[in-house]
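What follows is a set of notes on a single structure, which appears directly below.
The values are calculated or read from the model by the stated rules, or taken from the named source; none is laboratory data. Computed from a predicted model, the values in this text were never measured in an experiment. With ideal geometry, Cβ positions are generated from the backbone for all residues, glycine too; neighbour counts draw on all protein chains shown.
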Amino acid sequence: MFIRTMHVGFPGEQNMIKIDRVGRITAGDELGKFVRINELPDNPPSYLILLADDSEFSHGCGDYWVENREDLDEFFAEAHWEVEWSHR
């Protein structure tokens, strides 16, 4: 089961990015792929963006790394991602 995260708050705010949750990309680059964001134990934290063709992350996998939360927000904005995040 997935929930859709929509824009809330001020105009121009990014979709809420969920950490350690699986989501399906419903708009933008990589349409149809699954995504999971892992927060790495750096200080301040950096982020690993995992992508796959399936929600178990066993086929068509790839990843990106960003240095901080601001870069993560920019990554999502540049990719024009809308994501439906799972409840788990």
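For the reader, a short list of remarks on this structure follows.
- Flag if Asn68 is under 12 Å from the mean Cα position of the chain (by Cα), surrounded by 13 or more Cβ atoms within 10 Å (Cβ to Cβ) and either at positive phi or at pLDDT 95 or above (or both): no
- Pair list, Cβ < 7 Å and 6+ apart or interchain, from the stretch 17-30 residues that are over 15 Å from Gly62 (Cβ atoms) to residues that are of a type in the set (Phe, Trp, Tyr) and at pLDDT below 95: Arg24/Phe2
- Of the residues making up the stretch 44-61, those that are touching a residue at least 12 places away in the same chain (Cβ under 8 Å) and either under 18 Å from Trp81 (Cα atoms) or surrounded by 13 or more Cβ atoms within 10 Å (Cβ to Cβ) (or both) are Pro45, Ser46, Tyr47, Leu48, Ile49, Leu50, Leu51, Ala52, Asp53, Asp54, Ser55, Phe57.
- When Gly62 is tested against (1) closer than 19 Å to Met16 by Cβ; (2) of a type outside the set (A, V, I, L, M, F, W, C); (3) at pLDDT 95 or above, exactly one condition is not met: (1).
- Within the stretch 1-58, the set of residues being modelled with pLDDT of 95 or more, among the hydrophobic types (A, V, I, L, M, F, W, C) and touching a His at 6+ places or on another chain (Cβ under 7 Å) comprises Ala27, Ala52.
- Restricting attention to the stretch 62-88, the residues being among the hydrophobic types (A, V, I, L, M, F, W, C), under 14 Å from Gly32 (Cα atoms) and free of Cβ contacts under 8 Å to residues at least 60 places away in the same chain number 1.
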